[in-house]
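Here the structure is laid out as structure tokens; the discussion comes afterwards.
Nothing in this text is a laboratory measurement; each read-out follows from the coordinates by a stated rule. All values reported here derive from a predicted model rather than from experimental measurement. Note: ideal-geometry Cβ built from the backbone for every residue, glycine included; neighbour counts use all protein chains shown.
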Amino acid sequence: MELGRRRLLMNGLFGAGLIGLRSLATGIPASILLNPREALARARRAPDTLPSPTPQYVILSTSGEGDPISCNGPGTYLDSNILHPQQPSMAATALTIGGQSYTAALPWSTLPQTLLDRSCFFHHGTYTVVHSDEEKVQQLNGYSVDNEMLISLLAAQLGPALGTVQSEPIVLGPRNFSEVVVYQKRPQPIVQPSALSLLLSPPSGPLGNLTALRDHDLDRLNALIKSEGTPAQAAFIDRYVQSQAQVRSISDTLLSTLATIRDDGMSSQIKAAVTLIRMNVAPVVSLHIPFGGDNHGDGGLNNEAMQTVSGMASINQLWTLLNTYEMQDRVSFLSFNVFGRTMNRSYGNGRAHNGNHHLAYMFGSQFKGSVIGGVQPMSGDFGATSINSTTGLGVANGGGDVAFGDTLQSMARTFGKGVGVNPTILDQGIRGGKVIGPALTLA
Amino acid sequence: MRAIPALVVLALAASACAPPVAKSGHDAAVPDGTDASSAFDGGPSDVDGGSPDAGEADAGPDFTPVSVSAAVAKVKNLLVGLPPTDAEVEAVVADRAALNGLVAQWMTLPQYNEKLLRFFTTQFQQDQWTFWDLTFQFHGNIPFMNDQRRFVENLQQSFARTALQLIAEGKPFTEVLTTKRLMMTTAVMATYATVDVTHMDDGYNMVDLFQRDQPSQVTVQSAGNIPLQQTTDPLNPYFLVFNAPSIATSYQTGCPYGTLTYPAPASYSAIADLLYGYQPRVPDRPGCFPPLVAAPARYITDADFSDWRMVTVRQPQTAEATTRFYDLLTMRGGQELVLHTPRVGFFTTPAFAARWQTNDSNQHRVVANQTLIVALGKPIGLTNTTQPRSLAALDTAHAGPGTTCYECHQSLDPMRQFFHQSYSYYFGTQDVPEVLAVDGQFAFHGVVGSGSRIEDLGDLLASHPMFGAAWVQKLCTYASSAPCDESDPEFQRLVGVFTESHYNWNALAKALFASPLVTYLQATDSVVGNGQVFPVARRDHLCATLSSRLGIADVCGLNVNTPSFSQVLTTIAGSWPSDQYSRGNESPSLAVTPSTMTRGGMEALCFDLAQKLVDNGTSGYNSADPTASIDKLTGTLMGLTSDRSAGPAAVLLDHYNAALAMGTPPTNPQNKVNAMKSTFVLACLSPYVIGVGQ
């Protein structure tokens, strides 16, 4: 009796019959149960939404504190009234971007020229000075359809195109709790890098050998619960079953790399982000590279100077890792905060919030070395200019065809196209703004 | 898009405010709060109440009720993490109103207060900060630097424990806004007294009040063992002579040892560093770092972190001395602190100030706004059109009339003045005459008032009509994992229960957890409109469930003083979805759906539990007795009553047998162990454990 049952079970576990039963029981298509990774990718990919031309993984750095990364980049040295840290480590330094000469704080010049040649510095507004609007700004402050976050919009397209285990972004911590990432209305948990290995490693040893059997019987339990529950209870079961399919499709070849991450520091976050992308777990990984924090009381801008240096070291570390693993042409980066900070020399002790100016820093194989837009005096401080979408140059006093009020959406559209999302999807998802061609290598 | 003025710093969310709380149309609320039965008593459910069919409940349009068993299991799980008994489910099947009595019964279990402690810690926004976030309050010299974890936990739990004590004393819940009695340990008392011995002004300039007002010589020596009673007695020859055995011998070339003398007027830090940092500070030798004094030679004991009791904080009478920050003997067992700095309610604790730090640009605005969110459930926003009596405290340089920011700042700036009149930006006592001359102005959704003390703000908040709805919403959101519809008559009934019981917390909790807003046994506007929510068990729920059902206190190791049961669980709990408030948001961020990470994490967690519990001799999960073990898995870990345990038990038994059959070689005695461990993992991975309400 036991032997017969065992044979039947083994046949069922590894044969098409039980897959069919599991599919029937759980409502999950058999194709997913047979090969979750490929099937999930295939199922999500519809011909008319294929990203064009090359889908990229995305690493997003965001700060709800509104770090002063905006204040010392290319384009902020043209007006002598703009305040910069005076420390030698932040000395104004010439650098070449897209064949043009610019001035920026010294740490920016530490980026390799190959990286600068694919770096876009995009001046725009975020239209708020409120910390708690971080979530709204990531939703383009009312300009995304259904208030979808930009990275949610991108991840939903890039996940299927890249065949990632999940389309939801992975949110690495520790981070400010305002920096919540919401994917299709669902807040995503903050994961500590040091826990990733535990969270993703498959079972091992004798109990690991029973995983398939256990998955099968968990499907039975799920089906039982689903059959007795309300539609809402059943919906939970469906998502739970899907999460099992996802976790089973994770490649274990890089788990040993995750296991070497023992802390949650910035370096570990970057290492984790790159590893998760190499494992094809998610299309987007979010983290927070500090660039000076909410520095109202930063007398002498000392903290801004110190963290700009360390922040740039983090970007260099990311670039080095991407090159080491030959991922540099497949991964794009965006730094996109809740707002920029005041830059007027007269302000004095630290910097306050500035919703009129933010400098998004992005790089990737489909971006050109470029500085898009610029800054001009505005409301007692400085704000982003309008933009000439043909040249990418800033046009003071609103003369560009991209008005100040469209700069945020234009940054989002430009980044979206640069990471390979179909412009039609961007049209459907973002109200207003234009793709700024000079930022991209794409037509 | 119009350019907006720069330089404005405030933490506002221009979210829609709640409609006025309408009076309940139901009559079920009981004024004394002792029998706040559901409004649905006597309704359609009672007609069918005697039905033996446990799966039946009350349907409505576009609404499918859950089974009574699932509803009872959900409520008991939310309250105490324990599974329901058959008798409890049968009682509710027989009479839906029985749930009210069961809820009241479950609320008497110790697990209830443990859950409520975490709920209040989050809801009063005393958490989500780390040790170094105290830097500004302590001018960089934070006590207990060498005991950070339990120190931070003490401060984070202090107000939540205060709320629990107020509830236990039968006080109206509004006292969380006005109380000057706070639950403290000796370590917390020492912290309040230490921060009070320094004065920091708005410019972050510090005055050492001990040095200024009690000029004294301090001695730290290793030779004798002076009793603390003598050290703290001004009439004793050993007054302010402290022991530090760690400096008995040379510890660093060129650094003094044996005896350290701090000539008068010594800084308070000469004492505080030793008492609360366990490390003497060497005078005028910043490069010298003596070893830490080891326990038990430390003045602070383990008990000083756990001797919780209510302590009244008051300011000194004329010529009265404040509590001496080094007088541990008086503080131990004492129930009063005399401090320069006023402390009242949840919004003046060091924990709240660490969570919502202000500065000379923010100027208490974030603290004021977060205080509104906690107390009244709404931030300052454009929907607040109530005008303050005076705009004297308006910062026109930041938000003058006609600017975009003015609409909010005209309310916020005068309101933050309540804080600024009492405190500097770094929670020192405010003493600038020009600041003291401008009263705080309260103008929020129909209530206008003014005052010159921080206590006045507490009184205004406590009398605000939005208080009741705000706390019903917080508890409802916690229980149902989504904000509840405040226009729902059932929501309004609960507000009525709370307000008419004079804000009796237990009356609210009893009514809410038995409410169809939580049970989904009957249609409500909220559920019909927004749907039922069946979430993944967030950290506080999951850990409580596992602790209660496995009989292991704090199985996740969330408490500092809990010996680690499992480092795996502690690590996973650290990355598990939890309730989080962000700045300016009136609702917490609630991750509710299973993800790759939660599924993977749950598997690792269940594995670790199986390895530790199966065949450990005490857990009851025994490979030699699979039938009894599976009964226990379904009835305890999965929380299933007998009316719905048969199917899952059969699956578990099948799994055990199949796993046993797969063991090689078949005679290996370890096969049974592995089969039972795998069965445990299967039960642990079931939606009954990882989900809420299944």
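Taking the Cβ of B:Pro535 as the center, what net charge do the other residues with Cβ under 13 Å away carry, scoring Lys and Arg +1 and Asp and Glu -1?
Details: positive: A:Arg186, A:Arg239, B:Lys74, B:Arg538, B:Arg539; negative: B:Asp540, B:Asp579.
Computed value for this residue: +3.
Pick out, from B:Thr185, B:Ser411, B:Trp106, the residue whose Cα sits farthest towards the positive end of the charge dipole of chain B, with +1 on the Cβ of Lys and Arg and -1 on the Cβ of Asp and Glu. The residue sitting most towards the positive pole is B:Thr185. Among all stretches of chain B without exposed GluC sites (Glu not before Pro) (DSSP loop, at most 15 other Cβ atoms within 10 Å), which one is longest? Longest site-free region, per DSSP loop and neighbour criteria: B:321-694. Here the label points at B:Thr403 and A:Ser310, each 7 Å from Cα along the C-beta direction, are separated by 3.2 nm in the simple model. Rounded to whole numbers, the Karplus 3J(HN,Hα) couplings from phi for the range B:674-691 are 4, 5, 5, 4, 5, 5, 4, 4, 4, 4, 5, 7, 5, x, 5, 9, 7, x Hz, using 6.51 cos²θ - 1.76 cosθ + 1.60 with θ = phi - 60°, and x at Gly and Pro. Taking the fewest neighbouring Cβ atoms within 10 Å as the starting point, the ordered list for A:Tyr183, B:Tyr503 is B:Tyr503, A:Tyr183.
Stretched out straight at 0.36 nm per residue, the stretch from B:Leu436 to B:Thr627 would grow longer than its current Cα-Cα span by 61.4 nm. Normalising the average separation of contacting C-alpha pairs (under 8 angstrom, six or more residues apart) by the number of residues puts the relative contact order of the range A:210-312 at 15 percent.
Working from label points 7 Å from Cα in the Cα-to-Cβ sense, the B:Gln387 to B:Asn668 distance is 8.3 nm. What you get for the range A:183-262, charging only the Cβ of Lys and Arg (+1) and of Asp and Glu (-1), is a dipole of about 260 debye around the Cα centre.
Relative contact order, whole percent, for chain B stands at 19, derived from Cα pairs under 8 Å and 6 or more residues apart. Residues with beta-carbon under 14 Å from that of B:Ala544, excluding B:Ala544: net charge, scoring Lys, Arg +1 and Asp, Glu -1? Summing Lys/Arg as +1 and Asp/Glu as -1 gives +3. Where both residues lie in the protein assembly as shown, what percent of DSSP beta bridges are antiparallel, nearest 5? Antiparallel bridges make up about 65 percent of those DSSP assigns within the protein assembly as shown.
I'd like the distance separating the alpha-carbon centroids of the range A:143-221 and the range B:539-582, in whole Å. Between the Cα centre of the range A:143-221 and that of the range B:539-582, the gap is 21 Å. The mean count of C-beta atoms from other chains within 10 Å of the C-beta of residues in B:644-651, rounded to a whole number, is 3.
Residues B:Trp576, A:Trp319, arranged from fewest to most other Cβ atoms within 10 angstrom of their Cβ, appear as A:Trp319, B:Trp576.
What ranking do B:646-658, A:55-67 get when scored by the average of other Cβ atoms within 10 Å per residue, highest first?
Numbers: B:646-658: 19.9, A:55-67: 26.9.
Highest mean packing first, the order is A:55-67, B:646-658.
For the residues of A:226-234, the average number of beta carbons from a partner chain within 10 Å of their own beta carbon is 6. Computed from backbone phi, the HN-Hα couplings of the range B:200-211 come to 10, 8, 4, x, 6, 8, 10, 10, 7, 5, 5, 5 Hz, rounded to whole numbers (Karplus: 6.51 cos²θ - 1.76 cosθ + 1.60, θ = phi - 60°; Gly and Pro given as x). Residues in the range A:255-272, backbone N under 19 Å from the label point at B:Gln148 (7 Å along the Cα-to-beta-carbon vector): list them, ranges by number please. Taking a point 7 Å out along Cα→Cβ of B:Gln148, the residues of the range A:255-272 whose backbone N falls under 19 Å are A:262-269. Indicate the gyration tensor shape class of chain B (rounded, prolate or oblate), computed on the Cα atoms with a ≥ b ≥ c the square roots of the eigenvalues: a/c under 1.5 is rounded; otherwise a/b larger than b/c is prolate and the rest oblate. Here chain B falls in the oblate category. Which lysines, on any chain, are close to B:Lys510 with Cα under 20 Å apart, when same-chain ones fewer than 8 places away are left out? B:Lys510 reaches B:Lys23, B:Lys74, B:Lys76, B:Lys115, B:Lys171, B:Lys474. Of the peptides B:513-523, A:242-252, B:230-240, A:297-307, the order by per-residue mean of other Cβ atoms within 10 Å, starting with the highest, comes out as B:513-523, A:242-252, A:297-307, B:230-240.
For A:Met378, nonlocal amide neighbours, meaning residues 5 or more places apart or on other chains whose placed amide H falls under 5 Å from its own, are A:Gly383. Here the Karplus curve 6.51 cos²θ - 1.76 cosθ + 1.60, taken at θ = phi - 60°, turns the phi angles of the range A:409-426 into couplings of 5, 5, 4, 5, 5, 5, 5, x, 5, x, 9, x, 8, 4, x, 4, 5, 5 Hz, with x standing for Gly and Pro. Cross-link partners of A:Lys368 among lysines, defined as those whose alpha carbon lies under 16 angstrom from its own and excluding same-chain residues fewer than eight positions apart: A:Lys417.
The mean sequence distance of close C-alpha pairs (under 8 Å, at least 6 residues apart), as a share of the length of the range A:115-206, puts its relative contact order at 21 percent. A simple spin-label model places the labels of B:Gln229 and A:Lys434 8.6 nm from each other, with each point 7 Å out along Cα-to-Cβ.
Restricting to bridges with both residues inside chain B, how much of the DSSP beta-bridge set is antiparallel, in percent to the nearest 5? Each step should come with its number before you reach the end.
On the way: 20 of 26 bridges.
Taking every DSSP beta bridge within chain B, about 75 percent pair in antiparallel fashion.
Counting only residues at least eight positions apart within a chain, or on another chain, the lysines with an alpha carbon under 24 Å from that of B:Lys612 are B:Lys632, B:Lys672, B:Lys677.
Arranged by the count of other C-beta atoms within 10 angstrom, fewest first, what order do B:Ser267, A:Ser256 take? Walk me through the intermediate numbers first.
Working: B:Ser267 18, A:Ser256 11.
Result, fewest neighbours first: A:Ser256, B:Ser267.
Take the Cα of A:Tyr325, go 7 Å toward its beta carbon, and the backbone nitrogen atoms of the range A:405-433 under 20 Å from that spot belong to A:419-420.
Tally Lys and Arg at +1 and Asp and Glu at -1 over the other residues with C-beta under 10 Å from the C-beta of A:His288: what net charge comes out? Please list the in-between numbers first.
Details: positive: A:Arg175; negative: A:Glu65, A:Asp67, A:Glu179.
With Lys, Arg at +1 and Asp, Glu at -1, the neighbours total -2.
What average count of beta carbons from other chains do you get within 10 Å of the Cβ of residues in B:532-539?
Details: counts 7, 3, 9, 1, 5, 0, 1, 1.
Counting Cβ atoms of other protein chains within 10 Å of each residue's Cβ and averaging gives 3.
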